[in-house]
Amino acid sequence: MSAKTIQEYVELGGLQRGYHFWTGWNFSWPMATLRASAERIEIKVKVFWLEVAAYEFSRQEILALEKYRGLFSTGILIRHNKKSYPPFMLFWTLNYRACKAGLELVNYQVGEPI
């Protein structure tokens, strides 16, 4: 019996991006949308109706997905090798367990912090 998979997983959340946690831009929930498929993960940030940022990572550009605990919430840290993007990319979710499970349904593994 094979594991259950889906074509695409979509979740509303927030995004923090920058060079590290303390100096990044933070777009809180519900400004960011994560869209994951077997080929890529995309994150788009909208303020009202205006798209202000969009990031796309191919599976080959994603080095790891890790659980990240903040002061009040938990998110998914995207470790990547895409030079044109800031190194710190953190998707904040209101339900970490559901987000992790959704990403696993499109064959991504979310690990514990290193």
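The values are calculated or read from the model by the stated rules, or taken from the named source; none is laboratory data. Since the model is a prediction, treat every value here as computed from it, not as a measurement. Positions of Cβ are backbone-derived with ideal geometry, glycine not excepted, and every protein chain shown enters the neighbour counts.
Here are the numbers for this structure:
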quantity	calculated
Test: W25 is surrounded by 12 or more Cβ atoms within 10 Å (Cβ to Cβ) and more than 14 Å from the chain's Cα centre (by Cα)	yes
Tally of residues being touching a helix residue (DSSP H, G or I) at 6+ places or on another chain (Cβ under 9 Å) and among the charged types (D, E, K, R) across segment 28-58	2
Residue check, A32 aliphatic (A, V, I, L, M) and surrounded by 19 or more Cβ atoms within 10 Å (Cβ to Cβ)	yes
Only one of N107, N26, N95 that is touching a residue at least 12 places away in the same chain (Cβ under 8 Å) and out of contact with any strand residue (DSSP E or B) (no Cβ under 6 Å at 6 or more places or on another chain)	N107
V52 being assigned to a strand (DSSP E or B) and more than 28 Å from I6 (Cα to Cα)	yes
Selection count, segment 71-114, where residues are hydrophobic (A, V, I, L, M, F, W, C), modelled with pLDDT of 95 or more and loosely packed, with under 13 Cβ neighbours inside 10 Å	2
